[in-house]
Each structure stands twice: as C-alpha cells, then as structure tokens.
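The values are calculated or read from the model by the stated rules, or taken from the named source; none is laboratory data. Given the structure is predicted, the values throughout are model-derived calculations rather than measurements. Don't worry about glycine lacking a Cβ; one is built from the backbone with ideal geometry, like all the others, and counts go over all protein chains shown. Ligands, DNA and RNA are stripped out before the accessible areas are found, and what is left, the full protein with its side chains, is counted by its heavy atoms. Shrake-Rupley method; radii C 1.70, N 1.55, O 1.52, S 1.80 Å.
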Amino acid sequence: MRRLFILGAACHQITYIVVESWLFAGVRERAARISAHAGKLVSCHLCFGTWVGMALAALFRPGLVPPAPAAPARGLLAWAVDAFTIALVGRALNELLAIARREVERRRSEARLLGELAEEVSQREGEASGPGALVVPGPVDDPEAHARPARAEDPR
C-alpha cells in the first residue's frame, strides 16, 4: 500500500508539472503544433497521468496484482492493472489538491473583499466626521443605524 501511494504521488507530481507548470509550456505548445492529439495528451491530466502511470508500472513493477506464473497474457494484464491503479491514485491526489487550492483561493478572495469593505467603511466614517458633522452611533446589529439622519439633541 505504501508503494502504491508513493508511485501515485510521483504520478501526480510528474503529471502536474508537465500539464500545468510554466516549465513545460513550450513543450505543450510544440506538441499542439505537431498534432492536436499530441497537444491534448500533454495538456490533459487524465491522458498524461495514464501514460505516466504506465511508465511507472513498467519501471518499478509494484506487483499490486500478482501475475500467474505460466500465463504471459496475465502478466501483461497484471502490469496494466498496476498502471491504471497508479494513475488512479495520482488522479485522486490531483483532485484533492485542486479542492484545497480552490478553498485557499476562495479564502484569499474573501479576505481581499473584506479588506476593501473595511477600507470603504473607514473612508465613509472619515467623511462623516468632518467639521460640523454630527454622528449618532447606533447599535452594532442595527443595519439601519447609519442610514438614519443624525438629530441634534432637544435643548428642553
């Protein structure tokens, strides 16, 4: 199981670097110029990850499915199952990390929007507290407290 996770992680990283990184942008562009299929191959996580899984299974022979000793076709089938299993683990890691990246981006966006809102409120408060302005603080949970006009106190 440990070996499967390590090979799946390697599959994910190799795939992500080739498909997403600026480092291989030129390779992706050249492949797309050569052939639409080649361009898709190096731009698709599922496609490229499957080929990476096959290469890792051929290189490291994880033996996740033991082949039958006297049946060469079953050996090939066992290799294919290893390859697709490695690719599947790599794909699962890719999806989990994509969810985490989206969550981080969502939180950054929320923080940016809250910062902009705080700055806008601060500017409005600065404008309202100019010379001669009368500000009546309202309860924090009253959304209309700032919308009501300020009234001078009755001198009676």
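Tabulated results
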| read-out | value |
| --- | --- |
| Failed criterion for ALA68 (all others in (1) at pLDDT below 80; (2) open to solvent by 50 Å² or more (accessible area, probe 1.4 Å) hold) | (2) |
| Sole exception among (1) surrounded by 14 or more Cβ atoms within 10 Å (Cβ to Cβ); (2) at pLDDT 90 or above for PRO62, by number | (2) |
| Flag if ALA118 is aliphatic (A, V, I, L, M) and modelled with pLDDT of 55 or more | yes |
| Candidate set from segment 72-100 (those that are farther than 13 Å from CYS11 by Cα and in contact with a Leu (Cβ under 9 Å, 6 or more places away or on another chain)); member that is least open to solvent (accessible area, probe 1.4 Å) | ALA78 |
| Per-region count, segment 18-74, residues under 23 Å from the mean Cα position of the chain (by Cα), under 15 Å from GLY90 (Cα atoms) and part of a helix (DSSP H, G or I) | 12 |
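Table: residues versus (1) in contact (Cβ under 8 Å) with a residue 12 or more places away in the chain; (2) in contact with a Ser or Thr (Cβ under 9 Å, 6 or more places away or on another chain); (3) surrounded by fewer than 18 Cβ atoms within 10 Å (Cβ to Cβ).
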site	(1), (2), (3)
VAL27	yes, no, yes
GLY39	no, no, yes
HIS45	yes, yes, no
GLY53	yes, yes, no
